[in-house]
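Peer 1: Below you'll find the structure I mean.
Nothing in this text is a laboratory measurement; each read-out follows from the coordinates by a stated rule. Treat the numbers as computed from the prediction; the structure is a model and nothing was measured. Every residue, glycine among them, receives a Cβ derived from its backbone with ideal geometry; neighbour counts consider all protein chains shown.
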Amino acid sequence: MAESRQIAVMDLYKTYFLDGIEVAAVQGVSFEISRGEFTAILGASGSGKSTLMNILGCLDRPTAGVYMLEGVDVARLSRDEMARIRNEKIGFVFQGFNLLPRTTALENAELPLYYKDGILAKEREMLAREALRAVGLVERERHYPGQLSGGEQQRVAIARALVNNPSIVLADEPTGNLDSKTGREIIEIFQDLNVKLKKTVIFVTHDQDIACFARRQVWLKDGVIIKDSTGVL
């Protein structure tokens with residue numbers, strides 16, 4: 001069983017100081033995620049879900065506790081080692097898309113590959129095109145973000161997250177800027193990544209209708225897990 005465990009979080013805390021006031025964003029959280037799981041992290045604004053996602057994505061460090069990622073204690077990594085693990089193992093998708101407006105869909109999808117040594121321009125383009133194909137967007141690869149719908153922009157962002165072939169895909173409110181129909185289409189793409197490409201997918205949402213697409217739902221309130229359930233799709 002330990003071999004399948006990809007993420008292990010033990011007694012995790014994260015505290016911020018805002019204007020001299022201590023804010024406990026995450027308080028004693030513990031859970032495990034196995035390879036190939038499809039998990040939603042739910043909670044209202046201020047519940048700690050985005051803070052937890054940033055820690056899982058090696059964008060932030062916990063104040064206390066342990067975070068093991070594929071057997072590696074993340075707290076012991078240097079800044080450069082954390083950057084490397086982010087680029088190699090984790091793909092990120094954000095609510096705001098975060099696309100460069102003056103570069104094409106193909107060029108946006110290529111971006112993470114510029115941080116990888118030894119990849120030629122032709123290989124970058126090939127990998128980016130494959131990632132766009134995986135999200136059904138090859139025919140729009142030469143379009144700029146301003147020429148794409150919100151759903152298409154989020155597909156480009158997913159392609160960019162996939163281009164390095166990460167084992168884990170993290171998404172923070174990936175449907176938050178989309179209408180309900182388009183949001184469902186985007187979540188169905190994540191389902192395909194999970195089922196067909198065997199990616200571990202973890203996404204943050206406040207939308208219970210979207211969370212129902214996940215096999216597992218982890219509920220946070222005031223930085224504490226109040227429910228951890230497994231559903232059937």
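Peer 1: Given only helices, namely DSSP H runs of n ≥ 4 each adding -39500 (n - 2.57), what is the per-residue ellipticity at 222 nm of the chain, to the nearest 500 deg cm²/dmol?
Peer 2: On the way: 7 runs with 73 residues, N = 233.
The per-residue figure over the chain is -9500 deg cm²/dmol.
Peer 1: Excluding residues fewer than 8 places away in the same chain, name every one of the aspartates and glutamates whose C-alpha is closer than 13 Å to that of residue 199.
Peer 2: 37
Peer 1: Note the per residue figure in Å³ for the convex hull of the C-alpha positions in the range 179-219. All intermediate terms of the calculation are to be shown ahead of the outcome.
Peer 2: Working: hull volume 2.6 nm³, N = 41.
Spelled out: Cα convex hull of the range 179-219, divided by residues, is 64 Å³.
Peer 1: Report the normalised scattering of the chain as log10 I(q)/I(0) at q = 0.09, 0.14 Å⁻¹, calculated by the Debye formula with identical scatterers on the alpha carbons.
Peer 2: The calculated log intensity ratios at q = 0.09, 0.14 Å⁻¹ are -0.37, -0.90.
Peer 1: For the charge dipole of the range 48-146, defined by +1 on Lys and Arg C-beta atoms and -1 on Asp and Glu C-beta atoms about the Cα centroid, which residue among 111, 87, 50 has the Cα displaced farthest towards the positive pole?
Peer 2: Checking the options against the dipole of the range 48-146, the answer is 50.
Peer 1: Using label points projected 7 Å from each Cα along Cα→Cβ, tell me how many nm separate residue 143 and residue 23, to one decimal.
Peer 2: Roughly 3.7 nm, to one decimal.
Peer 1: Right, something else. What's the exposure ranking of 76, 5, going from fewest to most Cβ atoms within 10 Å?
Peer 2: On the way: 76 8, 5 14.
Least crowded to most crowded, the residues run 76, 5.
Peer 1: Continuing with this model, one more query. Would you grab the residues whose amide H sits under 5 Å from the one on residue 199? Only those 5+ places off in sequence or on another chain, please, with H modelled 1.01 Å from N.
Peer 2: Amide H neighbours of residue 199, under 5 Å, 5+ apart: 194.
Peer 1: Let me ask something additional. Say a paramagnetic label sat at a point 7 Å from the Cα of residue 165, along Cα to Cβ; which residues of the range 135-152 have their backbone N under 17 Å from it?
Peer 2: Only 135 fall inside the zone, counting backbone N under 17 Å.
Peer 1: Also, quick follow-up: Rg/Rh for the range 130-233: what does it come to with C-alpha atoms and Rh from Kirkwood?
Peer 2: Here Rg/Rh amounts to 0.99.
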